[in-house]
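What follows is one structure encoded as structure tokens, with my remarks underneath.
Bear in mind these aren't lab numbers, they're just calculated from the coordinates by the rules spelled out. Since the structure is predicted, the reported quantities are computational estimates derived from the model, not experimental observations. Neighbour counts run over all protein chains shown; Cβ positions are idealised from the backbone, glycine included.
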């Protein structure tokens, strides 16, 4: 694993994408930063992190996705890799808030942003960004956020985490071809609030109740509605209220 450590950068994803465009980088090259000035979350949301306290990393993943129909497989690989690694660190009550927020109890401790580029020869190259709250303890203006330190009462060496995450990603990719169904099921079973009534909001700012049933093959959230129909939602079409 090639590791590039930065002090401050606008975005580790943007830095790694630019690097990958200019150079034939090794697969699983990792970029980390102590501070990120323009961190991004899903749908352009800002990812705010206290400098030096948390893990900010991006990893280049090539030769896994074969076509656009499979892109959600990367979400499953990375989300499960993070969950399983954190389980190994005794972080309790972990779940994945669709599509790829990492939760402990009802608090968000991490977020994943995957950006795919299709090369001229048809290859798909992915840059996977991970922000994980590690040793930050002040979340005064972020009531739904927490960290490994707050949840466990312990501090962690965040410099050890990138290698642990990448090793787990590589393990899952290695067995994906023969065990993809098992990994999909693990993802389903790890979904936050799966199987219980929760409120949602749609693009028209209308609130409704629904029960998460699962995720479709292309990554749409499947929700059982009050009229007993099941609707599928893309990430920009629905927001869970919790």
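In terms of packing, defined here as the mean over residues of other Cβ atoms within 10 angstrom, the peptides 11-18, 154-161, 198-205 line up highest first as 11-18, 154-161, 198-205. Here residue 27 and residue 196 are evaluated by their C-beta separation; at R0 = 35 Å the FRET efficiency comes out at 0.35. Computing FRET efficiency as 1/(1 + (r/R0)^6) for residue 205 and residue 71, where r is the C-beta to C-beta distance and R0 is 30 Å, gives about 0.60. Per-residue ellipticity at 222 nm from helix content only, as computed over the chain with -39500 (n - 2.57) for each DSSP H run of at least four residues, stands at -8500 deg cm²/dmol. Which of rounded, prolate or oblate describes the range 197-240 when judged by the alpha-carbon gyration tensor and an a/c cut-off of 1.5? Judged from the Cα gyration tensor, the range 197-240 comes out oblate (a/c at least 1.5, b/c at or above a/b). The calculated FRET efficiency for the pair residue 116 and residue 167, based on their C-beta separation and a Förster distance of 25 Å, comes to about 0.65. Full extension of the segment from residue 18 to residue 142, taken as 0.36 nm per residue of separation minus the current Cα-Cα distance, would add 41.5 nm. Label positions at residue 234 and residue 37, each projected 7 Å from the Cα along the C-beta direction, are separated by 3.3 nm. Volume of the convex hull of the chain (Cα atoms only), normalised per residue: 130 Å³.
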